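This report refers to the structure that appears directly beneath it.
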Amino acid sequence: MPYSLTDKLVIGISSRALFDLEHENRLYDEQGVAAFCSYQRAHENEPLRPGTAFPLVQALLGLNPLLPERRIEVVVVSRNSPDTGLRAFNAIEAHGLDITRAAFTGGARSLVEYLKAFEVDLFLSRNRGDVQEAIDHGVAAALLYDPPATFRAPEGQIRIAFDGDAVLFSPESEHIYKTQGLDAFAAHEQANRRRAMAEGPFAKLLLRLSALQQEFRSRGAPCPVRIAIVTARSSPAHARVIHTLRDWQVDVDEAFFMGGASKDQVLAAFGAQMFFDDQDAHVQPASVRVPSGIVPYAGGSTDAQSRPCNDTSSPLP
């Protein structure tokens with residue numbers, strides 16, 4: 001019987017999101033593909049430092065030995081060629097990461113069909129175009145910022161923090177706020193406080209993580225997965241979040257209704273191995289303290305987010 005990924009939590013990740021390949025990316029930009037390939041071959045046995053997503057991937061893979069059967073799979077999905085991709089697999093082995101699957105696509109125009117072929121639930125990358133295309137085709141994805149210099153992952157736990165609107169929930173309410181103002185947003189949320197919001201791009205990921213939590217709890221085992229919502233909403237708009245989670249039968253561990261206050265200190269206190277938000281104004285300061293990624297709008301945005309200041313459009317993932 002073929003190995004099935006259907007019932008797994010599958011994380012697709014670019015090699016540059018998993019490891020620090022910024023020097024190599026600059027080399028690619030400045031000197032071209034031949035210089036990049038030559039450098040990768042010459043240094044393929046040298047260690048690579050962890051990238052932004054490394055703490056999250058390491059922690060997620062650490063769940064597998066705690067479960068009765070393997071539930072987490074990580075797949076490297078990269079525009080590298082098989083030849084240059086060898087360096088990433090050498091680094092995976094050196095760091096002791098239990099990753100065995102990869103798609104090295106050699107500069108393919110699109111990664112979306114490969115993400116779907118591997119049944120990816122979440123795609124993490126440093127390439128804006130690849131992330132936007134994934135979101136446009138219904139795959140949860142985030143563009144990662146530079147890793148924080150001093151972050152230390154909590155031992156023995158997975159801590160993931162999500163923004164609400166346009167991440168876990170649909171962007172409908174956020175669009176009202178941006179186009180009609182705070183008063184219209186507040187009135188809309190009050191009128192609909194008991195009506196569940198539609199699912200946003202990361203809703204299915206939240207449900208997958210919630211199922212993992214329930215599996216641990218059903219066995220009476222300590223649950224190492226901790227989930228937080230960190231949203232700019234405040235009372236009384238918080239009520240609709242609670243009613244939506246009830247409708248989805250999801251219990252998050254912590255929720256912070258910030259009312260427009262900065263999220264970075266709360267995220268640092270929570271110790272998130274990854275924070276997902278749709279606004280650069282939140283992700284940029286958070287990324288200094290915890291690993292963070294921005295979630296683009298399907299089809300791009302006409303009114304919302306500014307370009308992350310440390311983003312690159314390089315085709316190297």
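The values are calculated or read from the model by the stated rules, or taken from the named source; none is laboratory data. Bear in mind that the values here come from a model prediction, so they are computed numbers and not experimental data. Neighbour counts are summed over all protein chains in view; Cβ atoms, including those assigned to glycine, are modelled from backbone coordinates with ideal geometry. Accessible surface areas use protein heavy atoms only, side chains included; no ligands, DNA or RNA. Shrake-Rupley method; radii C 1.70, N 1.55, O 1.52, S 1.80 Å.
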Rank these by accessible area, largest first, 1.4 Å probe: Arg208, Arg16. Arg208, Arg16
Assign unit charges at the C-beta atoms only (+1 for Lys and Arg, -1 for Asp and Glu), then state the dipole size of the chain relative to its Cα centre in Debye, rounded to the nearest 20. 540 debye
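What range in the chain is the longest one free of GluC sites (Glu not before Pro) that are in a loop by DSSP and have at most 14 other Cβ atoms within 10 angstrom?
Between the exposed loop sites, the longest stretch runs 156-317.
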Is there a quick way to get the dipole size of region 170-261? I mean about its Cα centre, with the Cβ of Lys and Arg at +1 and of Asp and Glu at -1; what is the value in debye to the nearest 20? 200 debye
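Take every DSSP beta bridge whose two residues both sit in the chain, then give the antiparallel share in percent to the nearest 5. It would help to have the intermediate numbers written out before the result.
Details: 4 of 36 bridges.
Looking only at bridges with both residues in the chain, the antiparallel portion is about 10 percent.
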Loop-resident chymotrypsin sites (Phe, Trp or Tyr not before Pro) in region 1-87 with no more than 11 other Cβ atoms inside 10 Å, DSSP not H/G/I/E/B, are Tyr3
Looking at Thr6, Ala239, Gly129, which one has the Cα that reaches farthest to the positive end of the dipole of the chain (charges on Cβ: Lys, Arg +1; Asp, Glu -1)? Ala239
Roughly what % antiparallel, to the nearest 5, for the DSSP beta bridges in region 128-265? 10 percent
Theoretical FRET efficiency, 1/(1+(r/R0)^6), r = Cβ-Cβ of Glu30 and Asn64, R0 30 Å, to 0.05: 0.15
First compute the accessible area of the chain with a 1.4 Å probe, then give the percent of it belonging to carbon and sulfur atoms. 50 percent
Quick query: amide H of Asn80 versus all other amide H atoms, modeled in the peptide plane; which residues come in under 5 Å with a sequence gap of 5 or more or a different chain? Thr105, Gly106, Gly107
Between Ala42 and Gln157, what length comes free when the chain is fully extended (0.36 nm per residue of separation minus the Cα-Cα distance, one decimal in nm)? 37.7 nm
Name the residues whose placed amide hydrogens come within less than 5 Å of the amide hydrogen of Phe256, ignoring near sequence neighbours (fewer than 5 apart) on the same chain. Ile229, Val230, Thr231
Could you tell me which of rounded, prolate or oblate describes region 136-209, using a ≥ b ≥ c as the square roots of the eigenvalues of the alpha-carbon gyration tensor, with rounded for a/c under 1.5 and, failing that, prolate when a/b is larger than b/c and oblate otherwise? prolate
222 nm mean residue ellipticity, helices alone, for the chain (DSSP H n ≥ 4; -39,500 (n - 2.57); rounded to 500): -11000 deg cm²/dmol
For region 205-270 versus region 112-155, the gap between their alpha-carbon centres in whole angstrom: 20 Å
Taking square-rooted eigenvalues a ≥ b ≥ c of the alpha carbon gyration tensor, is region 219-269 rounded, prolate or oblate, where a/c under 1.5 means rounded and, failing that, a/b exceeding b/c means prolate? oblate
Sequence neighbours fewer than 8 away in the same chain don't count; with that in mind, list the lysines whose C-alpha is under 25 Å from Lys263. Lys178, Lys204
Met1 to Arg49: extension gain in nm, 0.36 nm per residue of separation minus the Cα-Cα distance? 13.6 nm
Calculate the FRET efficiency for Gln190 and Val288 from the Cβ-Cβ distance with a Förster distance of 41 Å, rounded to the nearest 0.05. 0.70
Given a cut-off of under 8 Å on Cα pairs at least six residues apart, what relative contact order in percent is computed for region 49-206? 19 percent
Only sites in a loop by DSSP and with at most 13 other Cβ atoms within 10 Å count here; which trypsin sites (Lys or Arg not before Pro) in region 88-183 make the cut? Arg109, Arg152
So for the chain, using the alpha carbon gyration tensor with a ≥ b ≥ c as root eigenvalues (a/c under 1.5 gives rounded; past that, a/b versus b/c decides prolate or oblate), I'd call it prolate
Tabulate in residue order the Karplus-calculated ³J(HN,Hα) for region 209-214, using 6.51 cos²θ - 1.76 cosθ + 1.60 with θ = phi - 60°, rounded to whole Hz; enter x for Gly and Pro. 5, 4, 5, 4, 4, 5
